[in-house]
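For reference, the structure is listed below as structure tokens.
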Amino acid sequence: MARVDTLTAYRCKFSYLQRNNPLIEEQREDIKLGKTPEFSFSDFIALYCENAVDILVGKNTDRAISLSKESITTRSLGNIRSWYISPMAGKQGQPMTVVKQTTGKRYSFGADSAALYNYHIFVYEDDDSIIAVFHRQNSSGCKSVFLETANSILKAKGVKMEMDLIIPLSDEADDVTATKITLQYVEPNDSSDIADNLRKKKKIIRDIGLNLEAQENSVFAGIMRNMQLRKISKEVAFAQIKTELKNAEEFNDAEVQFKVGRRSKKLPWNEFEHIVGVHDISEELHAAYKRSNNFVEELTKLSDNYYNDMKRSGMIDYE
């Protein structure tokens, strides 16, 4: 199978923790007034590097990540501040065996080891927004462990980082169709810490399924389509679905089944980026790399182009 390379973009913002905030007394007035922390991406990445120079473990993502200052490059693109970040990330907490291909020799490691690989993140900051673009190869990426460990570090500052998916406006949406949505009532989690909630096994109390291919449910299919086309946000779509469905007030989560070409895939409500939030760069990247033999340089160009396309189309301005 040919390797698939994609870019996924997120709008990032910093906000105060509402609960379990160690600095709640100092920040209470700003929180009451609805202010946002005076915290730039430069502030954050410096703090993150201080803590990630060895290794950070994502307890909920079962992954580990490491980042040194030498793996960060800063640039200026006009009035845009940009960072290229190359963390090492991968599986942790399970035994592994490494086989050297040239000799066939095997090296075994225990559950206290981690298998780390290079990943690529591009960040663009101006006066109005912080946009992070994550590169993925096939199904492998570092976004979840990056976000979880970031919020573990930021908690001491009484701050959290949120990432909202930016769904690309392209013909890709035509290849993806939501065929079923299952609304769920999940046992509430009282923690406001994002890291506590990432990939944590949820307890489903009740659920109800809607076949989106049935004519009787066309209104729900329309809502899903509007969300895919970025006409409405994920939050608005969920609220509209509950409004259209009687006695649905209690539902607080969902699972969606998609048809992608001839394939079918089922995903949690909050993981749309795995299917509708990706920008496929496989063909362009592989052809450019073949010409130049410089993977990072070509990947950087494609990320810059994607960011500029989002700016021109107004996608970044959409809330």
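The values are calculated or read from the model by the stated rules, or taken from the named source; none is laboratory data. Only a predicted model underlies this, so the values are computations on that prediction, with no experimental measurement involved. As a convention, Cβ positions derive from the backbone with ideal geometry for all residues, glycine included, and neighbour counts pool all protein chains shown. In case anyone asks, the SASA skips ligands and DNA or RNA and just uses the protein heavy atoms, side chains included. Shrake-Rupley method; radii C 1.70, N 1.55, O 1.52, S 1.80 Å.
For the stretch 25-134, would you read off the P(r) tail past 19 Å as a percentage of all alpha carbon pairs?
61 percent
Roughly how many whole Å is it from the C-alpha centroid of the stretch 90-106 to that of the stretch 1-76?
What the calculation gives is 31 Å, centre to centre.
Under 18 Å Cα to Cα from Lys203, which lysines show up? Leave out anything in the same chain fewer than 8 places away.
Answer for Lys203, where 18 Å is the Cα cut-off: Lys266, listed by chain and number.
Determine the principal axes of the Cα atoms in the stretch 17-70, then give the extent along each, sorted from largest to smallest and rounded to whole angstroms.
The principal-axis extents, from largest down, are 37, 26, 14 Å.
Ignoring any ligand, DNA or RNA, what whole percent of the accessible area of the stretch 1-65 comes from carbon and sulfur when the probe is 1.4 angstrom?
48 percent
How big is the Kirkwood radius of the chain, worked out from every pair of different alpha carbons and given in Å to one decimal?
By the Kirkwood definition, the hydrodynamic radius is 21.6 Å.
Enter the accessible area per residue of the stretch 1-67 (Å², integer; probe 1.4 Å; all protein chains in place).
57 Å²
As I understand it, the dipole of the chain uses +1 on the Cβ of Lys and Arg and -1 on the Cβ of Asp and Glu, about the Cα centre. Which of Thr61, Ala237, Val123 lies farthest toward its positive end?
Thr61
Exactly which GluC sites (Glu not before Pro) in the stretch 28-129 are in a DSSP loop and have at most 14 other Cβ atoms within 10 Å? Don't skip to the answer; put the middle values down first.
Values: sites: Glu29, Glu38, Glu50, Glu70, Glu125; in loops: Glu38.
In loop regions of the stretch 28-129 (DSSP not H, G, I, E or B), the sparsely surrounded GluC sites (Glu not before Pro) are Glu38.
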